[in-house]
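Here the structure comes first, spelled out in structure tokens, and everything after it is commentary.
The values are calculated or read from the model by the stated rules, or taken from the named source; none is laboratory data. All values derive from a computational prediction rather than experimental measurement.
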Amino acid sequence: MGREDGASFDAGRFVDRLRRAGEHAGRLAHVERLPPRPAEHAPLSHELHPTLAAMLDGLGVLPLYRHQAAAVDALLDGRDVAVVTPAASGKSLCYQTPIVHTLLEDSSARARRWRKTNCAACAAC
């Protein structure tokens with residue numbers, strides 16, 4: 001991850017400073033350094049519009065990561081989706097890919113209106 005001044009961000013050094021820094025000293029309950037793991041890709045169950053597929057392939061985005069493919073497939077199936085992953089993990093692509101695909105397929109397409117339903121997830125519905 002880069003910074004505006006061109007220097008790279010060292011997360012380990014940052015956490016070490018937090019551990020020792022004045023008001024934050026002793027407040028970190030758990031720190032664990034996880035080893036890198038290989039990326040997991042997955043195919044889409046839907047065929048993307050050829051223009052979109054070519055664009056994504058040209059950008060080096062295909063194949064999608066597993067969480068992206070699952071989200072895009074669910075959205076193209078008309079299901080509601082919430083993607084919760086760390087920063088810079090491709091969440092925007094999860095939401096934008098189905099939108100662009102749909103607009104390329106049907107330029108008159110519009111977003112469906114959210115309908116308020118009673119759900120067990122929250123008291124707001």
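General remarks:
- Flag not set for residue 74, criterion: within 19 Å of the chain's Cα centre (by Cα) and assigned to a loop (DSSP other than H, G, I, E, B).
- Residue in region 28-39 that is at pLDDT below 85 and of a type in the set (Gly, Ala, Ser) present: yes
- Selection count, region 77-111, where residues are β-branched (Val, Ile, Thr) and under 8 Å from the mean Cα position of the chain (by Cα): 3
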